[in-house]
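Q: Mind looking over this structure? Questions follow.
The values are calculated or read from the model by the stated rules, or taken from the named source; none is laboratory data. Everything numeric in this text was worked out from a predicted model, so none of it was measured. Glycine also receives a Cβ, built like all others from the backbone with ideal geometry; neighbour counts cover every protein chain displayed.
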């Protein structure tokens, strides 16, 4: 099942197009995921749609968690040692945008960070690692866009605000149920900037895989249906290149995860 948002409504994406889910599920998609999964088995047909019309598949999550330095090559390029426990920060929900939008660039140095996003569908607390997949019902593609000057200005650095400008949390194109992702522990990630591959890795190379992240977060917080976990980015970000490279107006950023989907974003500079 692939669940998306189109013109303010929840839809299932099928080979025939977009099928609106029954009204009784609207606003309760993650709370009633198993019922929706049953309904989707007979969802056929649908209306044509353009990828550019898709909206964030989770429009207003209550909590967005993100993880820093979760791939060893990225940890090395950032100049740090391997963390002993997940390094967690937050992104604020107003940063979310859809999978095909134009993002306004604030002043500063805006960088890309392709990430697999785990979507929580069941309330969870103190989850054992061996059951860490159980609260997760879907996966989606994400970008943890980051303005590096503000992010790294403090001592210690302060991540959340510099990663939460409007449009700095693209997700999509859809919520992909786990039954459609048989290789969920080892997915290929590819990020391209203007046709050049800038990031490429596999999620199997995470330092802390999704079950470990779910277990760790649930030690501190109650995880709720609709919560998002940005699971970390591979090596290849712009501020660790020589010379450094950042997003500029009219750039096209393509974010792709095998079996999950692809996003495309462009950028523009606004006048204050």
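Q: So how many residues does region 7-18 have that are out of contact with any helix residue (DSSP H, G or I) (no Cβ under 6 Å at 6 or more places or on another chain) and crowded, with 17+ Cβ neighbours inside 10 Å?
A: The number of residues fulfilling the criteria is 4.
Q: Here is a follow-up. Kindly indicate which of 117, 141, 136, 176 is crowded, with 21+ Cβ neighbours inside 10 Å and under 15 Å from residue 95 (Cβ atoms).
A: 117
Q: For region 152-161, indicate whether the set of residues that are closer than 24 Å to residue 52 by Cβ, buried (at least 21 other Cβ atoms within 10 Å of the Cβ) and in the same structural domain as residue 72 (by TED's automatic domain parsing) is non-empty.
A: no
Q: Going through region 19-61 one residue at a time, which ones are under 17 Å from the mean Cα position of the chain (by Cα) and surrounded by fewer than 13 Cβ atoms within 10 Å (Cβ to Cβ)?
A: Across region 19-61, the qualifying residue is only 60.
Q: Might you check whether a residue that is buried (at least 23 other Cβ atoms within 10 Å of the Cβ), in contact with a strand residue (DSSP E or B) (Cβ under 7 Å, 6 or more places away or on another chain) and modelled with pLDDT of 95 or more occurs anywhere in region 80-96? Talk me through it step by step, then tell me what you get.
A: Quick first cut of region 80-96, residues buried (at least 23 other Cβ atoms within 10 Å of the Cβ) only: 91, 96.
Applying the additional criterion that residues be in contact with a strand residue (DSSP E or B) (Cβ under 7 Å, 6 or more places away or on another chain) yields 91, 96.
Checking which are modelled with pLDDT of 95 or more leaves us with 91, 96.
For region 80-96, residues buried (at least 23 other Cβ atoms within 10 Å of the Cβ), in contact with a strand residue (DSSP E or B) (Cβ under 7 Å, 6 or more places away or on another chain) and modelled with pLDDT of 95 or more: present.
Q: Just one of (1) surrounded by fewer than 20 Cβ atoms within 10 Å (Cβ to Cβ); (2) in contact with a helix residue (DSSP H, G or I) (Cβ under 8 Å, 6 or more places away or on another chain) trips up residue 219, so point out which.
A: (2)
Conditions tested, residue by residue: (1) farther than 30 Å from residue 107 by Cβ; (2) within 15 Å of the chain's Cα centre (by Cα); (3) part of a helix (DSSP H, G or I); (4) at pLDDT 95 or above.
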| position | (1), (2), (3), (4) |
| --- | --- |
| 189 | no, yes, no, yes |
| 192 | no, no, no, yes |
| 219 | yes, no, yes, yes |
| 225 | yes, no, no, yes |
| 235 | no, no, no, yes |
| 247 | no, no, no, yes |
| 250 | no, no, no, no |
| 259 | yes, yes, no, yes |
| 267 | no, no, no, yes |
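Q: Hey, another quick one. Residue 172: in contact with a strand residue (DSSP E or B) (Cβ under 6 Å, 6 or more places away or on another chain), in a loop (DSSP other than H, G, I, E, B) and under 20 Å from residue 59 (Cα atoms), yes or no?
A: Taking the combined requirement at face value, the residue does not satisfy it.
Q: Next question. Residue 180 fails exactly one of the following numbered conditions: (1) over 30 Å from residue 15 (Cβ atoms); (2) touching a residue at least 40 places away in the same chain (Cβ under 8 Å). What is the number of that condition?
A: (1)
Q: Would you mention how many residues in region 65-79 are surrounded by 22 or more Cβ atoms within 10 Å (Cβ to Cβ) and closer than 12 Å to residue 230 by Cβ? Break it down stepwise before answering.
A: Here is the first cut: in region 65-79, the residues surrounded by 22 or more Cβ atoms within 10 Å (Cβ to Cβ) are 65-67, 70-71, 74.
Imposing the further condition that a residue be closer than 12 Å to residue 230 by Cβ reduces the set to 65-67, 70.
Total meeting the criteria: 4.
Q: So, of the residues in region 222-236 that are in contact with a helix residue (DSSP H, G or I) (Cβ under 7 Å, 6 or more places away or on another chain) and closer than 25 Å to residue 82 by Cα, which turns out to be surrounded by the most Cβ atoms within 10 Å (Cβ to Cβ)?
A: Residue satisfying both the conditions and the ranking: 233.
Q: Is at least one residue of region 122-131 out of contact with any helix residue (DSSP H, G or I) (no Cβ under 8 Å at 6 or more places or on another chain), closer than 26 Å to residue 269 by Cβ and assigned by TED's automatic domain parsing to the domain that holds residue 67?
A: Within region 122-131, none of the residues are out of contact with any helix residue (DSSP H, G or I) (no Cβ under 8 Å at 6 or more places or on another chain), closer than 26 Å to residue 269 by Cβ and assigned by TED's automatic domain parsing to the domain that holds residue 67.
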